[in-house]
2 protein chains.
Amino acid sequence: MAKTVEKRYAIGVDYGTNSVRALVVDVADGGEIGSFVADYTAGDHGILLDPKDPNLARQSPADYVNGFYQSVRRALKAAGRSPGFQPAKVIGIGVDTTGSTPLPVDRHGQPLAMQPRFQHDLAAQAWLWKDHTAHAEAAEITEQARRQGMPYLAKCGGTYSSEWYWSKVLHCKRTSPKVFAAAYGWVELADFVPGFLTGNIDPHTAARGICAAGHKALYNDSWGGLPSREFLASLDPGLAELRDRYARQAVPADRPAGRLAADVAGRVGLPAGIPVAVGAFDAHMGAVGAGIKPGTLVKIIGTSTCDMMVAPLDQPLADIPGLCGIVPGSVLPGMYGLEAGQSAVGDIFNWFVSRLAPPEYARGDAHANLTRDAQRLRPGESGLVALDWNNGNRTILVDPRLAGLLIGQTLHTTAAEIYRALVEATAFGALTIIQRLEEYGVAVKEVVNCGGIAEKNPFVMQIYADVCNRPMKVSRSAQTCALGAAIFGAVVGGAYASTEKAQRRMTGVKPTVYRPRKAAAATYAELYGLYRALHDALGTPNHPGNLYPVMKNLLAIRDRVRQEK
Amino acid sequence: MAKTVEKRYAIGVDYGTNSVRALVVDVADGGEIGSFVADYTAGDHGILLDPKDPNLARQSPADYVNGFYQSVRRALKAAGRSPGFQPAKVIGIGVDTTGSTPLPVDRHGQPLAMQPRFQHDLAAQAWLWKDHTAHAEAAEITEQARRQGMPYLAKCGGTYSSEWYWSKVLHCKRTSPKVFAAAYGWVELADFVPGFLTGNIDPHTAARGICAAGHKALYNDSWGGLPSREFLASLDPGLAELRDRYARQAVPADRPAGRLAADVAGRVGLPAGIPVAVGAFDAHMGAVGAGIKPGTLVKIIGTSTCDMMVAPLDQPLADIPGLCGIVPGSVLPGMYGLEAGQSAVGDIFNWFVSRLAPPEYARGDAHANLTRDAQRLRPGESGLVALDWNNGNRTILVDPRLAGLLIGQTLHTTAAEIYRALVEATAFGALTIIQRLEEYGVAVKEVVNCGGIAEKNPFVMQIYADVCNRPMKVSRSAQTCALGAAIFGAVVGGAYASTEKAQRRMTGVKPTVYRPRKAAAATYAELYGLYRALHDALGTPNHPGNLYPVMKNLLAIRDRVRQEK
């Protein structure tokens, strides 16, 4: 008879863009025994939009609260079908969220959006990561930091983003002064959720994660935490006030934020008092769930991508221009967390499918239909190249004020050709990030992909392998963000002495690896040259490049490939 | 009782890209009393394609012969319902065709394609105007003429085109030597049809139109007709042979090619012996049918456009870089004919509709559905700009090795926005032609549009008026090419002493004029600046322009326009 080991479990709760996922895992091996995805209900798939302003994307905080209850309750119910599982055996909870997704709160930490007075005010909701309304403020913050010779931008690629905390808060001050005045503070969603779970949302005392603070709010211990009061006041006196209305010290996610509050525990059927880890962003915890370690690039490919790496704190690391952030402890405690990303990937494919798929593809699963024809094409055969900037460019240009481009279309260009060109464009964007990391001494020895596209789309993954000319591995878990959160739950629950130790037991990659094909890689190297020429000419000021050869070369490659066929 | 005037009629036969149209008109006032369109039956809507080579477009000469019989017979039948019409009252026939559409013929002038041996050989068919297989040969001819200091290119914009006679013939020599060897000569469709109608297709003695020779075969009386034997031999010895296997002198279309042969006359029910005018291209005769005169730009807007002007022979006229051709007598006898054009206009809209219209638009009339939503948009609102180069650029770049471009798409961009951007792109292309004409001293005092799009599409015409910031008139006749051909039929039939006199009685414009709207024109002036920046950067070698502002400005214009709404 086999030795009976007492099973223990952790829960990861992953707040995505359209839904929240709860995952119950076995802390011994990462085995996933129950999960549930609760869709947000407000607005358009959980996103509050403004028809007059395509840059705006907000969320209702009520969706966060209700989403927790619904997803965890149902995940526990699913886990209940696993032999031996009992809610009492859950030892810890971890939480990851999108970000920067700040929400204005009152003195007690209650979201303003939950007050009747502000219930329907878009400015009082959570400002979703992909809200780009604050592009002017982002440019202003960048400009001020440069002019004043402040070091703040060195760790975030040299450019502050419209997606980030201070830009959004400042934009609110400028455009919705009533909401700004009513807000005592602005809390990141990644901090709000653990606060709400542990019954402490007071902005002064709730735990503050290093991930959101370091990547989005210019927090760095080397300059004493947040930017100085003087700097913030130079942007707007109102910002300086906010500096001290949030926990002073930011901490990594292997620390407990507190213990599960009795009322919350009761509503989902868990024992009260379970440790809850400090929150972090989905991509960062996803990287942990995908087994990130030095030399391993984890790509989380969904509507957008996050590209994560870690590097030991005790080795020198250059500031990397265009990288979203380099923050000690933001991914793994004791290591630099490096964050890069693409502002839209799956979102671009979805855009094409929802807006431009002709009837012969739109029937049934349009992605599958387009993929069927697109994967029959050879690299270069369409004569097309696209830029993957429909939602701006996060890395390496850090510029939301960019847009898409498609070049090379003829009177014969098909929808499947364009679909493939869009996939290739995102692969070129991925390669641009890898090249930038390596240019600055961060060797990419392995790429592990996760997220819906990595999981379900061999067509896209093969193109990534060919374009990047590297093997593409896929994380064993299909729910790496939630798994990463659960790993931190396991750590704060005491199952492991370190996050790395937990990772070694709880993560892995699938046996199938997408390997680059030589001929495809060679053609893509040529096409990447054209992508890069367009990228640099349209995305960087005063670029001297000559674009005249672009169409010529596209047509020449196309003709050559078709002759070879 | 009103005075009874003996009615007289002329027939215009217009060979288009997909069909042939016959039109019976009253020579007194241009009244159109009967017409019929006979579709070509070979290939894809009359075009023989090669799935391996999107540049290839050929036609079966049998379609030309059968198309004449069918269209004229049925047009005469329709005319027969008009009181007083009798076939015996037809006094002349004019013919226009696409071009350069050369076909290889044997010693007797019979198309090789009609011989069983070559029936299925694509190289032995007619090489349709939009066949771009000969782009390498076009570049070679341009290069040779420049290197040898030959004057030939001065009258065709400085660049020889892959669409033109010698490029196509040379490409055949290089790629289908058997067809080339079997061909005694190569005859333009515009000369083949009058030859066939008059029973004289012998390449030595059949009438040769100045229009095709001057615009496409480098014919100019100032250098003794065709290019020298030496020059042609320097391209390929085989070409020199061809120089003298075609009528030596080319003549305008107010001259008779001969008289209707009895067998042809019998098959359509006309009296034999009716004068048949020398042939010319559709655009040139279309310009005549639209009332062209000095200062009037006639735009024939269909799948592509032709932009025609005339200028008095007795006034100085500069060589205009990028203009397809400046040929004395090619439009109106005694005047320079100036030909410019856009390689694709309606073809671009059709491409979008057939390839990329999503189901909600594709049901029913997709053009109408897209137009409905596209015309609700304001200029600049989409943030998009496109280049109208899906089929290359005829004027002002004279370069088939260019392709389409769309810039500015976001995750919210709609099909209707793209459709409008494509329409605007063709309008920007139209404006580029107008600007080039005026830069070289050819004042455009009036624009008369004709062709299917001018006739049926107020949405497109209003955008043209706004973009060009000029009133857009529309030709009274909806069949200007066939009407122009009929005018030449009337002239050779003796009804008028000159083409101009015939025009004054037989042509006119519609009462509705599209007038530019001030605000729209102002926004379009901004957008044109961006179009032009892309046009110059991607279409001209070594252009120093900086494209970084393009996306920035597109987004800024978009945001401003949406705020104004």
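The values are calculated or read from the model by the stated rules, or taken from the named source; none is laboratory data. Everything numeric in this text was worked out from a predicted model, so none of it was measured. Ideal geometry is used to build each Cβ from the backbone, glycine not excepted, and the neighbour counts take in all protein chains shown.
Remarks
- For A:LYS445: the one exception among (1) surrounded by 24 or more Cβ atoms within 10 Å (Cβ to Cβ); (2) away from chain B (no Cβ under 14 Å): (1)
- Where a residue in region B:177-199 is more than 18 Å from B:LEU226 (Cβ to Cβ) and modelled with pLDDT of 95 or more and its partner, wherever it lies, is among the β-branched types (Val, Ile, Thr) and part of a helix (DSSP H, G or I), with Cβ under 7 Å and at least six apart: B:PHE196/B:VAL65; B:LEU197/B:VAL264
- Residues (part of a strand (DSSP E or B), under 19 Å from A:TYR15 (Cβ atoms) and not basic (Lys, Arg)) located in region A:50-69: A:ALA57, A:GLN59
- Helices (runs of 4 or more DSSP H) fully within region B:181-294 counting 1 or more residues that are of a type in the set (Lys, Arg) and over 22 Å from B:HIS171 (Cα atoms): B:262-268
- Top-ranked residue of region B:335-351 - restricted to ones that are crowded, with 24+ Cβ neighbours inside 10 Å and within 13 Å of chain A (Cβ to nearest Cβ), ranked as modelled with the lowest pLDDT: B:SER343
- Those residues of region A:66-88 which are out of contact with any Gly (no Cβ under 9 Å at 6 or more places or on another chain) and surrounded by fewer than 17 Cβ atoms within 10 Å (Cβ to Cβ), in sequence order: A:ASN66, A:TYR69, A:PRO83, A:GLY84, A:ALA88
- Unique residue being without any contact (Cβ under 8 Å) to a residue 12 or more places away in the chain and in a loop (DSSP other than H, G, I, E, B) when the list is B:GLY149, B:GLY84: B:GLY149
- Failed condition for A:HIS120, given (1) under 25 Å from the mean Cα position of the chain (by Cα); (2) closer than 25 Å to B:GLN563 by Cα: (1)
- Scanning region B:528-552 for residues that are out of contact with any Asp or Glu (no Cβ under 7 Å at 6 or more places or on another chain) and part of a helix (DSSP H, G or I) yields a total of 16.
- Just one of the listed residues (B:ALA277, B:ALA247, B:ALA261) is closer than 25 Å to B:THR17 by Cα and touching a residue at least 24 places away in the same chain (Cβ under 8 Å), namely B:ALA277.
- Matching residues in region B:550-565 - criterion: being farther than 17 Å from A:HIS132 by Cβ and facing another protein chain (nearest Cβ under 8 Å): B:VAL550, B:LYS565
- B:ASP96 assigned to a helix (DSSP H, G or I), under 30 Å from B:ALA134 (Cα atoms) and acidic (Asp, Glu): no
- Condition broken by B:ALA520, with the remaining ones in (1) more than 27 Å from the chain's Cα centre (by Cα); (2) within 14 Å of chain A (Cβ to nearest Cβ); (3) assigned to a helix (DSSP H, G or I) satisfied: (2)
- Residue in region B:21-29 that is crowded, with 23+ Cβ neighbours inside 10 Å and part of a loop (DSSP other than H, G, I, E, B) present: yes
- In this structure, A:ASP307 qualifies as under 14 Å from A:ASN449 (Cα atoms) and under 17 Å from the mean Cα position of the chain (by Cα).
- Residue check for B:PHE231: modelled with pLDDT of 95 or more, touching a strand residue (DSSP E or B) at 6+ places or on another chain (Cβ under 8 Å) and under 20 Å from B:TRP164 (Cβ atoms): no
- Test: residue in region B:484-502 that is of a type in the set (S, T, N, Q) and within 14 Å of chain A (Cβ to nearest Cβ): no
Residue-wise test of (1) touching a Lys or Arg at 6+ places or on another chain (Cβ under 6 Å); (2) of a type in the set (A, V, I, L, M); (3) within 14 Å of another protein chain (Cβ to nearest Cβ).
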site: B:ALA311; (1), (2), (3): no, yes, no
site: B:PRO316; (1), (2), (3): no, no, no
site: B:PRO333; (1), (2), (3): no, no, no
site: B:VAL353; (1), (2), (3): no, yes, yes
site: B:LEU356; (1), (2), (3): no, yes, yes
site: B:THR371; (1), (2), (3): no, no, no
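- Selection from region B:333-360 of residues that are under 22 Å from B:ALA430 (Cβ atoms) and outside any strand (DSSP E or B): B:SER343, B:ALA344, B:VAL345, B:GLY346, B:ASP347, B:ILE348, B:PHE349, B:ASN350, B:TRP351, B:PHE352, B:VAL353
- Taking region B:142-161 as the range and being at pLDDT 90 or above and not small (Gly, Ala, Ser) as the test, the residues that pass are B:THR142, B:GLU143, B:GLN144, B:ARG146, B:ARG147, B:GLN148, B:MET150, B:PRO151, B:TYR152, B:LEU153, B:TYR160.
- Which listed residue is at pLDDT 95 or above, in contact with an Asp or Glu (Cβ under 7 Å, 6 or more places away or on another chain), of a type in the set (D, E, K, R) and over 30 Å from A:GLN563 (Cα atoms), from B:ASP29, B:ASP14, B:ASP39: B:ASP14
- Residues being out of contact with any Leu (no Cβ under 8 Å at 6 or more places or on another chain), at pLDDT below 95 and over 20 Å from B:ASP388 (Cα atoms) are represented in region B:531-543 by at least one member.
- Considering region B:387-403, and only residues there that are within 25 Å of B:ALA521 (Cβ to Cβ) and at the interface with chain A (Cβ under 9 Å from one of its Cβ atoms), the residue that is surrounded by the most Cβ atoms within 10 Å (Cβ to Cβ) turns out to be B:TRP389.
- Selection within region B:373-386 - at the interface with another protein chain (Cβ under 9 Å from one of its Cβ atoms) and surrounded by fewer than 24 Cβ atoms within 10 Å (Cβ to Cβ): none
- So A:ALA287, is it surrounded by 15 or more Cβ atoms within 10 Å (Cβ to Cβ), aliphatic (A, V, I, L, M) and under 27 Å from A:ALA465 (Cα atoms): yes
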